[in-house]
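Worksheet for the structure shown next.
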Amino acid sequence: MASFEYDLGIIGGGAAGLTAAAGAAQFGAKTILVEKSTRLGGDCLHYGCVPSKTLIRTAAVWNLAGRSKTFGLPALSLPPVDLGTVMDRVREVIEKIQHHDSPERFCSLGAEVRFGRTAFADDHVVELDGKRIAAKNWIVATGSAPVVPPIEGLASVPYWTNETVFSQRILPGRLIVLGGGPIGLEIAQAFARLGSKVTIVEFMDQILGPEDTDMAELLRSRFEAEGVKIHTGTKALKVDSKGAAILLTVAPVANEGQTAIVEGDALFLSTGRKPNTGDLALERAGVAFTPQGTPADARLRTNISHIYACGDVNGQFPFTHVAGYEAGIALTNAILHLPRKVDYGRIGWCTYTDPEVASIGFNEKRARKAGLDYRIIEEAFEENDRARAEGETAGKIKILLDKNDKLLGCQMIGAHAGELIHEWIIALTGGVKLSTMAGAVHVYPTLSEISKRVAGRIFADKLFGDRTKSILKLLFNLKGRACNP
Ligand SMILES: Cc1cc2nc3c(=O)[nH]c(=O)nc-3n(C[C@H](O)[C@H](O)[C@H](O)COP(=O)(O)OP(=O)(O)OC[C@H]3O[C@@H](n4cnc5c(N)ncnc54)[C@H](O)[C@@H]3O)c2cc1C
């Protein structure tokens, strides 16, 4: 049997690759990770989750300061924002977290890290700087990159993507955001709150396409109240410039002849992601791939069974927590030969706009597509005492139940929905009964009480149904009423 220098080789030092490297090394497998840039951390740390959430927080603080009067405080007159200083803070946060992702730390765990461009030579060997690295198993974890859409004239104007937006120093007076998905919406709201006039152009007929329309509409109304212009069902046809201004010609998807021009000082592209497979020479390893990614089975194996694909590159769920989850499954398959499989039915996610939009399991769109019968129970944030105290009453929680009142999914739009959704992730993952959730005494006053309340409604509806009510009425009427109107 062939012997290999390493038990496991990993290509890509982002969320998936780093999780796999740390795990495999700690299990004692001889592990090497190869990263093409000069630092570890990948998109999430450098151009994704971390900088976006840091920017969002700064923008939220500024928004609160601008609303001081609604909290009974004097109105503040806010000076213009210096984007450079804001981005300095973004950089500081990245650097602090980067410390955790240093090659030295991985070396101390037992994983070797090398930097440089790499490509497969065959199904066990990759080449790096002319040297061959042979491993028994490989995990491809090269992530994804922003799609630059084929729009006439786009190449002739400066545009931003997630790879450049966080290094900007000058706040644009007007920002055009092309794409109304999570990335576009988070950036749009942050820049609008910092002082840019933002226009979003979205091809689909709603923002946040995969989410339920009622959720998307609630978010849209908040954005519009904050001054963000949103054009849905709108196609970008052409880009021109006039001096420093960018002119985007758009038209309704349904009527391309009816053009209009959106003018901006900067253009942010958030029109989707494409897998980073281009420079890997996957064909030399015999690994199949498509423009959507490197397909993998439930054990995360590609068509070549000792080569695994984790994270954004496999085209499944483009989230950091999914990349980490998949890496754990792939490494136990590769190293421990435990046939663990992914279960994407229990994957939740959140869009970190204000209010946040979080989801787990079935929403209405997915339930209809799956042909499921469902009923909905909702509870508004404005019924929650803590939400009132916080001045965060926008939004609602919506749960979907099957005909036996089994939980199918939970959708939330509201303050801290990304935190609150975990109660529902646990409920679905652990098969927790809604009666348990409704019966669990929640701490008062917390936003979490909204979960207890919505779960309790199922039983309240049954308990206080017409039949029970008439029986109780009969029973207590025997003693007479304490008060009769
Ligand atoms: C603006 C933005 C905000 C986001 N916010 C969130 C969020 O809040 N929550 C969330 O869960 N997800 C978020 N995401 C998604 C998240 O960043 C990705 O899902 C996650 O980074 C995927 O991890 P990965 O390991 O697959 O890829 P990455 O983390 O990108 O890592 C891939 C690594 O592979 C390297 N690489 C590429 N090609 C090669 C090669 N040929 N050889 C060697 N190395 C290579 C890259 O340099 C990179 O370091 C966000 C994304 C963006 C763009």
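The values are calculated or read from the model by the stated rules, or taken from the named source; none is laboratory data. Quick caveat: nothing in here was measured; it's all calculated off a predicted structure. Backbone-built Cβ (ideal geometry, glycine too); neighbour counts: all protein chains shown. Remember, those area values only see protein heavy atoms, side chains included, never the ligands or the DNA or RNA. Shrake-Rupley method; radii C 1.70, N 1.55, O 1.52, S 1.80 Å.
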In degrees, nearest ten, helix 320-334 long axis to first principal axis of the chain (Cα): 60 degrees
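Calculate, for F464 and T38, the FRET efficiency according to 1/(1 + (r/R0)^6) with r their C-beta to C-beta distance and R0 45 Å; round to the nearest 0.05. Each step should come with its number before you reach the end.
Working: r = 64 Å, r/R0 = 1.42.
Between F464 and T38 the formula returns 0.10.
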Debye-sum result for the chain in log10 I(q)/I(0), which assumes one identical scatterer on each alpha carbon, at q = 0.09 Å⁻¹: -0.73
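If we count every other residue with Cβ under 10 angstrom of D279's Cβ, Lys/Arg +1 and Asp/Glu -1, where does the sum land?
Working: positive: K36, R117; negative: none.
Around D279, the charge tally is +2.
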Set of lysines near K53 by C-alpha distance (under 16 Å), chain-local residues within fewer than 8 positions excluded: K96
Virtual spin-label span in nm between L474 and F27, 7 Å along Cα→Cβ: 6.4 nm
Accessible-area ranking of W62, W349, largest first, probe 1.4 Å: W62, W349
Span from the the range 146-192 Cα centroid across to the the range 277-304 one, whole angstrom: 30 Å
Sites A281 and A225 - FRET efficiency at Förster radius 51 Å, r taken between beta-carbons, to 0.05: 0.50
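In the range 247-301, carbon and sulfur make up what percent of the accessible area (probe 1.4 Å)?
On the way: 1350 of 2590 Å².
Carbon plus sulfur share of accessible area: 52 percent.
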Cα-projected label distance for D405 with R457, points at 7 Å along beta-carbon direction, nm: 1.4 nm
Qualifying lysines (Cα of each under 22 Å from Cα of K365; at least 8 residues distant if same chain): K396, K398, K403, K406
Residue-wise HN-Hα coupling along the range 116-125, computed from phi with Karplus coefficients 6.51, -1.76, 1.60 (Hz; x: Gly, Pro): x, 6, 9, 8, 5, 9, 8, 6, 10, 10
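How long is the gain from A440 to I304 if the chain were fully straight, where each residue apart is worth 0.36 nm and the alpha carbon distance is subtracted?
Additional length available on full extension: 44.2 nm.
What's the FRET efficiency of L73 with V148 using the Cβ-Cβ distance as r and R₀ = 45 Å, to the nearest 0.05? Walk me through the numbers before you get to the answer.
Numbers: r = 45 Å, r/R0 = 0.99.
Between L73 and V148 the formula returns 0.50.
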Residue-span extension gain [I376 to R481] - 0.36 nm each, minus C-alpha spacing: 34.3 nm
Residue-normalised accessible area of the chain, expressed per residue, 1.4 Å probe, Å²: 48 Å²
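Counting only protein chains, not ligands or nucleic acids, how are F476, F319 ordered by accessible area (probe 1.4 Å), most first?
Numbers: F476 110, F319 50 Å².
Sorted descending by solvent-accessible area, the residues read F476, F319.
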Spacing of the two label points (7 Å from each Cα toward its C-beta) at T393 and E95, in nm: 4.4 nm
In sequence order, calculated HN-Hα J values of the range 164-180 (Karplus, 6.51, -1.76, 1.60; Hz; x Gly/Pro): 10, 4, 7, 10, 6, 10, 10, 6, x, x, 10, 10, 9, 10, 9, x, x
Cut-off of 10 Å, at most 14 other beta carbons, DSSP loop: longest stretch of the chain lacking such trypsin sites (Lys or Arg not before Pro): 170-340
Residues whose placed amide H lies under 5 Å from that of V177, excluding near-sequence neighbours: T199, I200, V201, F268
Partner lysines for K131 [C-alpha distance under 24 Å; skip if fewer than 8 residues away on the same chain]: K30, K36
Estimated [θ] at 222 nm from DSSP helical runs (n ≥ 4, -39500 (n - 2.57)) normalised by residues in the chain, nearest 500: -10000 deg cm²/dmol
Cα-based helix-to-principal-axis angle, 417-430 vs the chain, degrees rounded to 10: 90 degrees
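Counting only DSSP beta bridges with both residues in the chain, what percent are antiparallel, rounded to the nearest 5? Please list the in-between numbers first.
Numbers: 47 of 78 bridges.
Looking only at bridges with both residues in the chain, the antiparallel portion is about 60 percent.
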Residue-wise HN-Hα coupling along the range 343-360, computed from phi with Karplus coefficients 6.51, -1.76, 1.60 (Hz; x: Gly, Pro): 10, 6, x, 10, 8, x, 7, 8, 9, 8, 7, 10, x, 6, 10, 10, 8, 8
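By accessible area of protein heavy atoms, probe 1.4 Å, what ranking do Y159, Y444 get, highest first?
Ranking Y159, Y444 by accessible area, largest first, yields Y444, Y159.
Starting from the Cα gyration tensor of the range 1-87, multiply each eigenvalue by 5, take the square root, and state the resulting semi-axes largest first in whole Å.
Numbers: eigenvalues 450, 35, 8 Å².
In descending order the semi-axes read 47, 13, 6 Å.
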Under-5 Å amide H pairs with A119, H placed in peptide plane, nonlocal only: E127
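What part of the accessible area of the range 330-444, given as a whole %, is carbon or sulfur when the probe is 1.4 angstrom? Before the final figure, lay out each step's value.
Details: 2850 of 5490 Å².
Accessible surface attributable to carbon and sulfur in the range 330-444 totals 52 percent.
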